[in-house]
Amino acid sequence: MDRKDIRSMTIEELKVLMGELGEKPFRAKQVYGWFHEKLVSSYDEMTNLPKSLREKLSAYPINPLKAVDVQVSRLDGTRKYLFRLSDGNVIESVLMRYKHGNSVCISSQVGCRMGCRFCASAIGGLTRNLTAGEMLDQIYRIQVLTGERVSNVVVMGTGEPLDNYENLLRFIRILTEEGGLHISQRNLTVSTCGIVPKIRELAGEKLQMTLALSLHAPNDEKRRELMPIARKYTIEEILAACEYYFKETGRRITFEYSLVAGVNDSQADAAQLADRIKSINCHVNLIPVNPVKERSFRRSAREAVEKFKIKLEKYGINVTIRREMGGDIDGACGQLRKSYMEKTESEK
Ligand code: SAH
């Protein structure tokens with residue numbers, strides 16, 4: 001972590017910093033509260049700090065995210081934000097409103113190097129990791145902009161969170177510990193394409209969050225066609241890591257399965273998938289693939305999705321067809337960011 005990155009610091013690290021600045025330890029708690037509970041984005045707002053301390057802190061830039069675009073769905077109130085980072089890169093985050101509360105989907109990287117064939121975020125490759133502070137600020141800015149409390153967080157936007165492991169853990173700590181938003185780990189989901197050693201490492205952290213695994217195929221051959229990471233780890237290795245995660249944390253795994261017409265949505269695919277995961281304590285989310293214009297994949301017909309669900313249920317598996325949110329805005333992962341970058345590119 002960058003030694004100046006004050007908003008990614010844990011309370012213990014802030015205490016150390018205060019010591020270095022010749023300040024009392026209780027100042028750490030105040031500063032931490034301003035950042036992570038009151039969600040301010042300038043030192044001027046930290047009214048209970050002496051001016052001399054605020055001046056010292058100005059050497060530690062806050063760099064709040066700047067909302068440069070927002071799209072609001074007329075169908076369900078989903079809001080998609082495009083944020084500019086201090087280095088000019090842009091990322092996107094989504095606010096979804098459910099009956100049980102507000103959920104924010106955040107990005108974990110600028111771009112992604114996993115290369116999944118159906119995913120818009122993969123197209124430009126990876127630019128850089130997001131810091132913990134930048135992950136948190138997506139939630140903070142949305143909460144401030146809407147004035148509504150965020151109760152659930154999903155790390156399912158652009159990027160592979162387990163490819164940015166250290167910053168992800170720091171993000172989880174600050175998000176869920178007391179003194180910040182204090183969101184329950186049970187209300188947090190992290191989605192991965194299946195980096196097996198990192199899943200095992202994460203299991204050892206004994207967090208109470210949900211792990212979502214992007215499976216998308218019933219066998220390695222088909223998975224390799226859709227996801228390059230499948231050349232590195234087999235489904236068998238992934239499922240063993242998932243079972244280990246459940247054993248260590250007691251948390252049921254969610255399998256994500258995007259249905260692509262004629263590729264992974266047949267009844268035989270459903271049967272093969274069911275056979276492999278039926279002994280695992282899990283939940284399956286079916287998502288008709290969001291077409292990305294650079295890719296030729298088509299989404300499965302509603303009837304195929306329904307039949308796929310029924311087949312899995314025959315094996316006793318819990319299945320949900322994910323309700324599509326914001327279908328009328330640049331819905332699929334990375335599409336708003338991409339269209340924005342194309343626009344600014346053509347304006348140059
Ligand atoms: N890298 C992580 C998290 C980001 S992607 C992961 O792979 O899980 C979040 C989810 O959206 C993943 O399940 C991903 O496979 C899926 N996804 C990406 N592009 C999609 C598309 N065009 N249609 C449907 N799902 C998509």
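The values are calculated or read from the model by the stated rules, or taken from the named source; none is laboratory data. What you are looking at is a predicted structure, and each value in this text was computed from that prediction instead of being measured. Neighbour counts run over all protein chains shown; Cβ positions are idealised from the backbone, glycine included. The area values use the complete protein model at the heavy-atom level, side chains included, leaving out ligands, DNA and RNA. Shrake-Rupley method; radii C 1.70, N 1.55, O 1.52, S 1.80 Å.
Some values worked out for this structure:
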| quantity | calculated |
| --- | --- |
| Sparse-neighbourhood loop sites, trypsin sites (Lys or Arg not before Pro) in the stretch 228-292 - DSSP loop, at most 13 other Cβ within 10 angstrom | Lys232, Lys278 |
| Listed residues Met18, Met227, Met156, most fluctuating in the chain (Gaussian network, C-alpha, under 10 Å) | Met18 |
| Amide H within-cut-off set for Ile321, under 5 Å, with H built and near neighbours excluded | Leu286 |
| Portion, in percent, of the accessible area of the chain that falls on carbon or sulfur, probe 1.4 Å | 48 |
| Selection from Leu49, Gly159, Tyr81, by position along the positive dipole direction of the stretch 46-198 (Cβ) | Tyr81 |
| Neighbourhood charge, 15 Å Cβ-Cβ cut-off, centred on Val144 and excluding it, Lys, Arg +1 and Asp, Glu -1 | +2 |
| Restricting the stretch 73-141 to trypsin sites (Lys or Arg not before Pro) in coil, as DSSP defines it, with at most 10 other Cβ within 10 Å | Arg74, Lys99 |
| Compactness of the stretch 176-215, expressed as Rg and Dmax over alpha-carbon positions, Å | 11.5, 36 |
| Positive minus negative residues near Lys314 (Lys, Arg vs Asp, Glu; Cβ under 12 Å) | +2 |
| Mean projected area in nm² (Cα convex hull; one quarter of hull surface) for the stretch 211-297 | 5.7 |
| Tail beyond 15 Å, pair distance distribution of the stretch 258-345 (Cα, percent) | 63 |
| Filter on Lys4/Lys338; Lys24/Lys51; Lys4/Lys198; Lys198/Lys338; Lys247/Lys309; Lys307/Lys338 - keep pairs with C-alpha separation over 24 Å | Lys4/Lys338; Lys4/Lys198; Lys198/Lys338; Lys247/Lys309; Lys307/Lys338 |
| Global form of the stretch 277-320, assessed from the alpha-carbon gyration tensor, a/c cut-off 1.5 | prolate |
| Within the chain, helix-based [θ] at 222 nm, where runs of 4 or more DSSP H residues each add -39,500 (n - 2.57), nearest 500 | -11000 deg cm²/dmol |
| Total formal charge among the other residues, if their Cβ is under 11 angstrom from that of Thr192, Lys/Arg +1 and Asp/Glu -1 | -2 |
| For the chain, the fraction of alpha-carbon pairs in successive 20 Å shells from zero, as % | 30, 56, 14, 1 |
| Alpha-carbon gyration tensor eigenvalues x 5, square-rooted, for the stretch 1-134, Å | 33, 19, 13 |
| Taking all pairs of distinct alpha-carbon atoms in the stretch 94-169, Kirkwood radius in angstrom | 13.0 |
| Average accessible area per residue (Å²) across the stretch 175-293 - probe 1.4 Å, nucleic acids and ligands excluded | 39 |
| Percent antiparallel among DSSP beta bridges (both partners in the chain, rounded to 5) | 45 |
| The stretch 213-317: GluC sites (Glu not before Pro) in DSSP coil with no more than 11 other Cβ atoms inside 10 Å | Glu294 |
| Overall Cα dimensions of the stretch 1-46, principal axis frame, Å, largest first | 23, 23, 16 |
